[in-house]
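These notes are about the structure you will find just below.
The values are calculated or read from the model by the stated rules, or taken from the named source; none is laboratory data. This structure is a prediction, so every number in the text was calculated from the model and none was measured. Cβ placement follows ideal geometry from the backbone for every residue including glycine, while neighbour counts extend to all protein chains displayed. Only protein heavy atoms, including side chains, enter the accessible area calculation; ligands, DNA and RNA are left aside. Shrake-Rupley method; radii C 1.70, N 1.55, O 1.52, S 1.80 Å.
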Amino acid sequence: MIRLFLAEDQALVLGALAALLSLEDDFEVVGTASDGETALAKVLELKPDVLVTDIEMPRLTGLDLAARVRERMPQTRVIIVTTFARAGYLRRALDVGARGYLLKDAPSDELAAAIRRVQAGGRAIDPGLAEEVWDAENPLTDREVQVLRESERGKTTAAIATELGISVGTVRNYLSEAIGKLGADNRTEAARKARDKGWL
């Protein structure tokens, strides 16, 4: 039996996933959670073989959850199931150790096959996105991403400088570089473009 844990913040989707996967003879759904923090605590307690998680969840995103599971429970393999058909998100998912990345509109038998493949040590990536990911390298440095994230949250240049422990001038330089790289007119547009690509 492959022991599964499911993390998804939409109750209807979570219930449907659990019901569908429970129909498979070789799957056992050992637990579910609707936010990332609860999912992490339960995964550490239940030690499932595979964690199936969405990206957008309260308290801890699916990507943060995947990173923490890899760090603390590396034997549990992670599959991301999401609506985000963006190469940037796929790249970030792979970087934090996810073994699978599927879209929610994929047929349920594809998810079942992906779980079996990942449990056997393979990978399961949406084929359309797999081609794109190599052409969608993030041009932003880690610091530029940090500064854009803080800017997106509405923080002033001075507040970002304090938060990151750097000077106001350095924050302006990072913002200017990010705006230029993304072909944006201002920091708000730069953050939106980076978010749309899955880089924030």
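Using 0.36 nm per residue, how much length does the chain from Glu37 to Asn186 gain when fully extended, once their Cα-Cα distance is taken away? Value of the extension gain: 50.2 nm. Among Glu45, Glu56, Glu28, which one moves the most in a GNM of the chain with springs linking Cα atoms closer than 10 Å? Comparing Glu45, Glu56, Glu28 in a Gaussian network model of the chain, the most mobile one is Glu45. Note on Lys155: lysines with a C-alpha under 24 Å away, same-chain residues under 8 apart excluded, are Lys181, Lys193, Lys197. Close amide H contacts of Ile125 (hydrogens built in the peptide plane, cut-off under 5 Å, sequence separation of 5 or more or a different chain): Tyr101.
Ignoring lysines fewer than eight residues from Lys47 along the same chain, the ones with Cα atoms less than 26 angstrom from its Cα are Lys104. What the Cβ-Cβ distance of Leu20 and Ala85 gives, at R0 = 35 Å and to the nearest 0.05, is a FRET efficiency of 0.95.
How much of the accessible area of region 46-200, in percent, comes from carbon and sulfur atoms when a 1.4 Å probe is used? Accessible surface attributable to carbon and sulfur in region 46-200 totals 46 percent. Per residue, region 1-139 exposes an accessible area of 48 Å² to a 1.4 Å probe, with every protein chain left in place. Where (i) 1.40; (ii) 1.12; (iii) 0.95 are the candidate values, the label of the one calculated here for Cα Rg over 2.2 N^0.38 Å is (ii).
Between the beta carbons of Thr170 and Asp95, assuming R0 = 25 Å, the FRET efficiency works out to 0.45 to the nearest 0.05. Grab the beta carbon distance between Leu44 and Asp64, set R0 = 22 Å, and tell me the FRET efficiency rounded to 0.05. With R0 = 22 Å, the Cβ-Cβ based efficiency is 0.95.
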